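Accompanying notes for the structure given below.
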Amino acid sequence: MATINDGLSTYHLSTGTHRAYQPAKKNFFEFIVEGLDNLLKPGVEKSLAESSDYINNGQEVIRLTVNKAPVPHYELGDLEITKGNSTTHYAGKPTFNDGTIEVDDMIGANSKTVLEAWQNLAYDVLSDQGGRAINYKKDATLIEYTSDHVRVRSWKLIGCWIVSISEEDYDKENDDISRVQATIRYDRAIPVIE
């Protein structure tokens, strides 16, 4: 018969080999989007663009200014089979949930402009034309670290693109840091084995 002392307790977490246990923290991560180099700033007509109208370090801007990133999860559809009075359920198609990244709007880094330029690849407001998936769908990597920068886990997000961008209104009585949120959709998130 098992007793209360047979199970693990917080005492066990601090003794012996369990000293390696430590709570995960949410603030040690990187969100890296691939292929955000040479982005044309939104509102610039391509035929009239000069070299200063292009952003050449978009993926670094996102990596350095991202404040929040979504942890990938998916939802399985439900296949229902009915025979007589009985119903059986099976796992259906997976759907990966949208997520929101939040960046600090750093004026010198043009964080907001990078997000707008990426979204502009899917729909150009100036020309009123849609984009091609090969241009606007980007792969991204989300990496979680320990506080001493040891990689804990990571995911490869396949086919990311920006659905919407939002930010708070201008407000003369509020001197908080300006942050921009971008809702991203992706096709799949693959855990990377460390």
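If a residue must be of a type in the set (D, E, K, R) and not in a strand (DSSP E or B), how many such residues does region 136-176 contain?
Of the residues in region 136-176, the ones of a type in the set (D, E, K, R) are 137-139, 144, 148, 151, 153, 156, 167-169, 171-173, 175-176.
Now narrow it down to the ones that are not in a strand (DSSP E or B): 137, 148, 168-169, 171-173, 175-176.
Summing the residues that are of a type in the set (D, E, K, R) and not in a strand (DSSP E or B) in region 136-176 gives 9.
On the given criteria, is ASP128 charged (D, E, K, R), out of contact with any Ser or Thr (no Cβ under 9 Å at 6 or more places or on another chain), without any contact (Cβ under 8 Å) to a residue 60 or more places away in the chain and open to solvent by 40 Å² or more (accessible area, probe 1.4 Å)?
Yes, satisfied.
Given the conditions (1) farther than 30 Å from ALA24 by Cβ; (2) open to solvent by 60 Å² or more (accessible area, probe 1.4 Å), which single one is not true for ARG188?
If we test ARG188 against (1) farther than 30 Å from ALA24 by Cβ; (2) open to solvent by 60 Å² or more (accessible area, probe 1.4 Å), just (1) comes out false.
Which residue, of GLU80, GLU60, GLU75, is over 21 Å from GLY159 (Cβ atoms), acidic (Asp, Glu) and surrounded by 11 or more Cβ atoms within 10 Å (Cβ to Cβ)? So that I can check it myself, show each step before the final result.
Numbers: GLU80 fails: surrounded by 11 or more Cβ atoms within 10 Å (Cβ to Cβ); GLU75 fails: over 21 Å from GLY159 (Cβ atoms).
Matching residue, one of GLU80, GLU60, GLU75: GLU60.
If you scan region 92-109, which residues turn out to be open to solvent by 70 Å² or more (accessible area, probe 1.4 Å) and over 18 Å from LEU157 (Cα atoms)?
Listed by number, the residues that qualify are MET106, ILE107, GLY108.
Step by step: first the residues of region 110-125, then only those that are under 18 Å from GLU34 (Cβ atoms) and among the aliphatic types (A, V, I, L, M), then the one that is surrounded by the fewest Cβ atoms within 10 Å (Cβ to Cβ). Which residue is that?
Within region 110-125, the match that is surrounded by the fewest Cβ atoms within 10 Å (Cβ to Cβ) is ALA122.
Of the conditions (1) open to solvent by 40 Å² or more (accessible area, probe 1.4 Å); (2) modelled with pLDDT of 95 or more; (3) not basic (Lys, Arg), VAL33 satisfies every one except a single condition; which number is it?
Of the numbered conditions (1) open to solvent by 40 Å² or more (accessible area, probe 1.4 Å); (2) modelled with pLDDT of 95 or more; (3) not basic (Lys, Arg), the odd one out for VAL33 is (1).
The values are calculated or read from the model by the stated rules, or taken from the named source; none is laboratory data. Worth saying up front: this structure is predicted, and the values here are computed from it rather than measured. Cβ sites come from the backbone with ideal geometry, for glycine too, and all protein chains shown count toward neighbours. Please note that ligands, DNA and RNA were not included when accessible areas were found on the heavy atoms of the full protein model with its side chains. Shrake-Rupley method; radii C 1.70, N 1.55, O 1.52, S 1.80 Å.
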